[in-house]
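Okay, so here's the structure we're looking at.
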Amino acid sequence: MLVNCAVYQGGKKFADIKPEEIGQYVSRPECFVWVALKDPGPGELAVLQKEFDLHELAVEDARHGHQRPKIDEYGDSLFSVLHNVAVVGDELKVGEVDLFVGRNYVLSVRNQAEPGFAAVRARCEREPDLLKHGAGFVFYALVDAVVDRYFPVLDAVEDQFEKFEEQIFSGKSLRANIEGLYYVRQKLTTLQHAVVPLLEAVGKLYGGRVPQVCSGMQDYYRDVYDHLVRISQSISSQRDTVTTAIQVNVAMITFSETEVTKRLAAWGALIAVPTFIASLYGMNFKNIPELQWDFGYPLSLGVMAAIDAYLWLRFRKARWL
């Protein structure tokens with residue numbers, strides 16, 4: 001579906017055009033065309049491939065989707081794959097954004113990615129001095145918008161982790177906490193897969209041999225790189241914290257099971273004493289001490305009670321009971 005198709009000249013929007021009119025403006029060095037697509041069909045991509053002379057391999061990647069985040073250079077043009085991560089309920093929804101950037105054109109293709117880039121377009125149009133840089137600035141604005149969307153996602157995952165962290169020492173649902181913490185770590189991994197590949201890719205846009213399309217915009221791409229570094233460090237730190245929390249949770253479960261074992265052992269010892277004495281007097285021998293004594297029975301009961309009372313006090317003091 002075609003979302004927008006416009007021509008820009010001198011840092012300002014020149015006109016909205018139809019796809020079949022793109023060829024009239026792409027050839028003009030003073031203009032650049034910005035086209036936005038959402039979940040396009042093969043026919044739409046084929047038309048724009050012809051209009052912009054897009055590389056076949058880049059178009060194939062955009063058509064099939066499920067690509068790793070990257071920025072590839074094809075001659076004087078760039079092809080970028082970004083993962084748009086959004087929080088939907090308690091889950092993370094990952095969409096793909098494909099960007100084709102040339103000297104005088106920008107084509108953004110969203111596949112299962114929400115929200116769109118209307119705010120980015122509005123921002124660019126409010127900054128004509130920067131928009132004069134053409135496709136290079138638009139490419140920066142789009143990448144920056146996708147990267148900035150990672151911050152609230154990371155905050156949401158951290159908030160979810162804090163809820164499970166508070167329950168670790170409450171003694172409730174310890175096993176359920178492990179499952180919840182595992183899903184938190186899984187979300188951090190999903191976010192990491194979207195961020196880490198871009199670090200190296202974006203780093204090439206401001207240092208060393210900078211692609212011609214990005215020339216003059218190095219400071220802006222360095223800012224995007226700094227954001228990615230911050231997010232990557234936060235993800236790594238949070239993953240370590242979650243791993244520690246899982247280990248603590250497992251230790252709490254082990255400690256709880258140990259407490260149960262100690263209590264069972266203590267009660268077993270209390271039961272074993274009278275059982276042992278009773279079993280002695282239950283043997284069929286004639287010459288058992290105190291067997292014919294009138295006070296033998298109450299004495300044996302008293303000894304059982306006294307020993308059990310002593311053991312109960314010791315176990316109580318040791319907090320086994």
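The values are calculated or read from the model by the stated rules, or taken from the named source; none is laboratory data. This is a predicted model, so every value here is computed, not measured. With ideal geometry, Cβ positions are generated from the backbone for all residues, glycine too; neighbour counts draw on all protein chains shown. Surface accessibility is based on the protein's heavy atoms, side chains included, excluding ligands, DNA and RNA. Shrake-Rupley method; radii C 1.70, N 1.55, O 1.52, S 1.80 Å.
If I compute solvent accessible area with a 1.4 Å probe over the protein chains, what percent of it on region 182-321 is carbon and sulfur?
60
Residues ARG121, ARG263, ARG126, ARG149, sorted by accessible area with the largest first, give ARG126, ARG263, ARG149, ARG121 [1.4 Å probe; ligands and nucleic acids excluded]. For the chain, the 222 nm mean residue ellipticity estimated from helices alone, with every DSSP H stretch of n ≥ 4 adding -39500 (n - 2.57) and the total spread over all residues, rounds to -20000 deg cm²/dmol. Multiplying the residue separation of ASP129 and HIS64 by 0.36 nm and removing their Cα-Cα distance gives an extension gain of 19.7 nm.
Indicate the gyration tensor shape class of region 18-133 (rounded, prolate or oblate), computed on the Cα atoms with a ≥ b ≥ c the square roots of the eigenvalues: a/c under 1.5 is rounded; otherwise a/b larger than b/c is prolate and the rest oblate.
Cα axes put region 18-133 in the oblate bin.
In sequence order, region 191-202 has phi-based couplings of 5, 5, 5, 7, 8, 4, x, 6, 4, 5, 5, 5 Hz under the Karplus curve 6.51 cos²θ - 1.76 cosθ + 1.60, θ = phi - 60°, and Gly or Pro positions carry x.
Using 25 Å as the Cα-Cα cut-off, could you pick out the over-long pairs in LYS13/LYS70; LYS70/LYS187; LYS18/LYS93; LYS70/LYS163? From the list (LYS13/LYS70; LYS70/LYS187; LYS18/LYS93; LYS70/LYS163), the Cα-Cα distance tops 25 Å for LYS13/LYS70; LYS18/LYS93; LYS70/LYS163.
The distance linking region 79-131 with region 8-42 is 16 Å (Cα centroid to Cα centroid, whole angstrom).
Magnitude of the charge dipole for the chain, about its Cα centre and with charges confined to Cβ atoms of Lys, Arg (+1) and Asp, Glu (-1), is about 1040 debye. Each label point was placed 7 Å from the Cα along the Cα-to-Cβ direction; for TYR297 and TYR182 their separation is 5.9 nm.
Sorting the segments 52-63, 205-216 by their residues' average number of neighbouring beta-carbon atoms within 10 angstrom, most packed first, yields 52-63, 205-216. Put +1 on the Cβ of each Lys and Arg and -1 on the Cβ of each Asp and Glu in region 1-115; which of VAL87, ASN4, PHE14 then has its Cα farthest toward the positive end of the dipole? Highest projection toward the positive end goes to PHE14.
Sequentially through region 53-66, phi angles give Karplus couplings (6.51, -1.76, 1.60; θ = phi - 60°) of 6, 6, 5, 4, 5, 5, 5, 4, 4, 5, 6, 7, x, 6 Hz, Gly and Pro residues having no value and appearing as x. In the chain, the convex hull through the Cα atoms has an average projected area of 25.7 nm², a quarter of its surface area.
Rounded to whole numbers, the Karplus 3J(HN,Hα) couplings from phi for region 100-113 are 10, 10, x, 4, 9, 7, 9, 10, 10, 10, 9, 10, 6, 10 Hz, using 6.51 cos²θ - 1.76 cosθ + 1.60 with θ = phi - 60°, and x at Gly and Pro.
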